[in-house]
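Asks: First the structure, then my questions, so here it is.
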Amino acid sequence: MDIFKKLSWFFKKEKKRYVIGITLLAMTSLANLIPPRVLGVMADELDKNHITWSQYGLLILAVIATAIVIYILRYFWRKQIWGGAAELEKQMRSKLYHHFMIMDRTFYQRHRTGDLMAHATNDVSAIQNVAGDGILTLVDALVIGISTIIAMICFIDFRLTIVALVPFPFLAYGAKRLGTRLHDAFDKSQAAFSKLNNKTQESVSGIKVLKTFGESENDTSSFDQMVDKTIKINKKVFVWNCLFDPLGTFIVGMTYAITIIYGGLLVKNNTLSIGQLVSFIAYIGNMVWPMFAIGYLFNILERGSASYDRVQKLLDEKPLITDAHADEKLTSKDIDGDLQYNVKEFAYPDEKEIPVLTNIQFTLKPGQTLGLVGKVGSGKTTIIQLLLREFDDYQGKILLNGHDIRTIPLNVLLRSIAYVPQNNYLFSTSIQKNIAFSQGDAGENQIIEAAKKSDLHNDILQMPLAYNTLVGENGISLSGGQRQRISIARALLKHSQILIMDDALSAVDAKTETTILSSLKQERRNKTTIIAAHRLTSVMNADLILVLKNGHVIERGTHQQLLKQDGWYAEMWRRQELEDKVGE
């Protein structure tokens, strides 16, 4: 029953709905007491040969009228209670989705996609069942059980009722013991489902890699082993769950046996009439559902409780990046100005002893371009991550027009930045909608213009449906260069104050790169641009180039200044020039 306490916030909010639903449900359960009573009266009258056709007709009409009333009541209580369950599902899914949207990268490093999907689907469905099936089963079983016992005592015989109910405490005890085992088993089952879900998502997403490396069979074998393990875990759930029904059947059987033996003796002694015994047996039939409902209820509640704990554990996690110290008055216009970057030291949260950036300083005025170059792992992407506020725990400051970015509301800061990452992500929709992703009101001409600036327009026109061509999941139907250029077009359409390109030209050829960079020079005339790249031609026209190594700036200057320094940059430039010539 602990799950009802956990969901008390929801039931208080939907109090009116559930009060109406439970009242109508209780009335339905009480109406179910009428047919057994009518059946007993009819049996007594038949036994005495006193019943007339008119009395017989009235009794039949009473049963039919009761059935109609039950039908109407059932419709309205279902509408209220199932409506409440649907509302809970909606709120839980919204809470989770909103939580996913505000969490930072460290959250997604700890939780895999398939696991999060399992929380948002399977776990939420189990919680929803508590507010639907759980409430129904609890109220219906209690009302039918209690009212039937009262009817047995008042209309039949209190001695027979007490003797017939002797086995019930054993059912309650068994249900409690089984419920505890079921909770633990279901918690493990949900965790296994999450792992299986994650494995499926990961394998389907990486299907091209699996096939290219000939690992399809090995991955299938690994998946089969995981399925077998999940089935074994689920079997334990089924074992504990299936013990409820035999337990209930055994208790019902004992109750019938006691009723027939003791009730028969009471009839023989003329303490009970035949009709009363018939009614009593019919009432026991009503008691079958409450007895079986105990097992069903424990199943629902334990599943819901385990799932709620799993979901709540996620919701209890707080993002590291918040607007706790933000100045809500700041707007995009207030931060339109110089970018001053002065980070003395930064280390990742899980490796605080190892600094990944040290003494990174530069200033960019609107219209200027910064180039970031260096080996893999030198710190280029980390510099960008701090500007995007993926991490806030660093020594120093990053200022936009004199405002520390940690005091700028996240929605204001991120609206002022267009970001093209190393790994481009495209949505499973058309090229046009992917380009207009952040600018839903963009016109067709604006979309085409952005595509032209990223040298993609002609490629699109050669596709079957041009701009309406579907790209498939994460752009699977497109080449790497086309995916990069769609991402660049999407960023250019945003017209942001700051454009960040993190190795965003790695998949295009030299000619396309030149065309895109030329467009950027015109497009970004009064705006700030940051380009991180391995190919030095991507940054050769930048106003400032930083050469990074192990989080330190080892060289800085313009292209010509760096060539004169004859350091790492100059050496890499000569190598890449030679590679281009050999390629030609």
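The values are calculated or read from the model by the stated rules, or taken from the named source; none is laboratory data. The shown structure was predicted, so the numbers you read here are calculated from the model rather than taken from an experiment. Reconstructed Cβ throughout: ideal geometry from the backbone, glycine too, with neighbour counts over all protein chains shown. Surface accessibility is based on the protein's heavy atoms, side chains included, excluding ligands, DNA and RNA. Shrake-Rupley method; radii C 1.70, N 1.55, O 1.52, S 1.80 Å.
Asks: Within 27 Å of Lys329 (Cβ to Cβ) and of a type outside the set (A, V, I, L, M, F, W, C) - does that describe any residue in the range 372-389?
Replies: yes
Asks: Please indicate, with yes or no, whether at least one residue in the range 403-426 is open to solvent by 10 Å² or more (accessible area, probe 1.4 Å), among the small types (Gly, Ala, Ser), in a loop (DSSP other than H, G, I, E, B) and farther than 20 Å from Tyr108 by Cα.
Replies: Checked the range 403-426: no residue is open to solvent by 10 Å² or more (accessible area, probe 1.4 Å), among the small types (Gly, Ala, Ser), in a loop (DSSP other than H, G, I, E, B) and farther than 20 Å from Tyr108 by Cα.
Asks: In a helix (DSSP H, G or I), over 13 Å from Lys494 (Cα atoms) and modelled with pLDDT under 80: is that true of Tyr467 in this structure?
Replies: For Tyr467, the condition - in a helix (DSSP H, G or I), over 13 Å from Lys494 (Cα atoms) and modelled with pLDDT under 80 - is met.
Asks: Tell me, please, whether a residue that is of a type in the set (D, E, K, R) and free of Cβ contacts under 8 Å to residues at least 24 places away in the same chain can be found in the range 92-103.
Replies: So far as the range 92-103 goes, no, none of its residues is of a type in the set (D, E, K, R) and free of Cβ contacts under 8 Å to residues at least 24 places away in the same chain.
Asks: If a residue must be modelled with pLDDT of 75 or more and buried (at least 19 other Cβ atoms within 10 Å of the Cβ), how many such residues does the range 157-180 contain?
Replies: Result for the range 157-180: 4.
Asks: Something else now. Taking the range 440-464 only, how many residues are outside any helix (DSSP H, G or I) and within 19 Å of Thr514 (Cα to Cα)?
Replies: Looking only at that region, the number is 3.
Asks: May I pose another question? Looking at the range 344-378, which of the residues that are touching a Lys or Arg at 6+ places or on another chain (Cβ under 8 Å) and part of a loop (DSSP other than H, G, I, E, B) is surrounded by the fewest Cβ atoms within 10 Å (Cβ to Cβ)?
Replies: Once the filter is applied, the top-ranked residue is Gly367.
Asks: Just the residues that are of a type in the set (S, T, N, Q) and surrounded by fewer than 18 Cβ atoms within 10 Å (Cβ to Cβ), please, taken from the range 445-462.
Replies: Passing the criteria: Asn445, Gln446, Asn458, Gln462.
Asks: Mind checking which residues of the range 63-85 are aliphatic (A, V, I, L, M), buried (at least 16 other Cβ atoms within 10 Å of the Cβ) and over 23 Å from Phe4 (Cβ atoms)?
Replies: Ile70, Leu73
Asks: Looking at Leu315, Leu243, which one is surrounded by fewer than 20 Cβ atoms within 10 Å (Cβ to Cβ), out of contact with any strand residue (DSSP E or B) (no Cβ under 9 Å at 6 or more places or on another chain) and at pLDDT 80 or above?
Replies: Answer to the check: Leu315.
Asks: Consider Ser221 carefully, then state whether it is open to solvent by less than 70 Å² (accessible area, probe 1.4 Å), within 25 Å of Ala120 (Cα to Cα) and modelled with pLDDT of 70 or more.
Replies: Against the criterion (open to solvent by less than 70 Å² (accessible area, probe 1.4 Å), within 25 Å of Ala120 (Cα to Cα) and modelled with pLDDT of 70 or more), Ser221 does not qualify.
Asks: Does at least one position in the range 520-536 carry a residue that is within 27 Å of Gly337 (Cβ to Cβ), open to solvent by 50 Å² or more (accessible area, probe 1.4 Å) and in contact with a strand residue (DSSP E or B) (Cβ under 7 Å, 6 or more places away or on another chain)?
Replies: Yes: one or more hits.
Asks: I need the full set of residues from the range 189-213 which are surrounded by fewer than 16 Cβ atoms within 10 Å (Cβ to Cβ), at pLDDT 70 or above and among the hydroxyl-bearing types (Ser, Thr, Tyr), in order please.
Replies: Passing the criteria: only Thr200.
Matching residues to (1) in contact with a Ser or Thr (Cβ under 6 Å, 6 or more places away or on another chain); (2) in a helix (DSSP H, G or I); (3) open to solvent by 10 Å² or more (accessible area, probe 1.4 Å); (4) of a type in the set (A, V, I, L, M, F, W, C):
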{"residue": "Gln91", "(1), (2), (3), (4)": "no, yes, yes, no"}
{"residue": "Ser94", "(1), (2), (3), (4)": "no, yes, yes, no"}
{"residue": "His98", "(1), (2), (3), (4)": "no, yes, yes, no"}
{"residue": "Tyr108", "(1), (2), (3), (4)": "no, yes, yes, no"}
{"residue": "Ala118", "(1), (2), (3), (4)": "yes, yes, no, yes"}
{"residue": "Asn122", "(1), (2), (3), (4)": "no, yes, yes, no"}
{"residue": "Asn129", "(1), (2), (3), (4)": "no, yes, yes, no"}
{"residue": "Gly134", "(1), (2), (3), (4)": "no, yes, no, no"}
{"residue": "Leu142", "(1), (2), (3), (4)": "no, yes, yes, yes"}
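Asks: Which condition number in (1) closer than 24 Å to Ile335 by Cβ; (2) at pLDDT 85 or above is the one that Ser438 fails?
Replies: (2)
Asks: Return the pairs, sorted by first residue and then second, in which the second residue is open to solvent by 80 Å² or more (accessible area, probe 1.4 Å) and of a type outside the set (Phe, Trp, Tyr), the first residue lies in the range 8-21 and is closer than 11 Å to Ile81 by Cα and modelled with pLDDT of 85 or more, the beta carbons are less than 7 Å apart, and the residues are 6+ apart or on different chains.
Replies: No pair meets every condition.
Asks: Let me spell it out: the conditions are (1) among the acidic types (Asp, Glu); (2) touching a residue at least 12 places away in the same chain (Cβ under 8 Å); (3) out of contact with any helix residue (DSSP H, G or I) (no Cβ under 6 Å at 6 or more places or on another chain), and Asp455 meets all of them except one. Which number is the exception?
Replies: (3)
Asks: Still on this structure: Restricting attention to the range 426-467, which residues are within 33 Å of the chain's Cα centre (by Cα) and hydrophobic (A, V, I, L, M, F, W, C)?
Replies: Leu426, Phe427, Ile431, Ile435, Ala436, Phe437, Ala442, Ile447
Asks: Name the residue, out of Thr255, Thr322, that is modelled with pLDDT of 75 or more, β-branched (Val, Ile, Thr) and open to solvent by 10 Å² or more (accessible area, probe 1.4 Å).
Replies: Answer to the check: Thr322.
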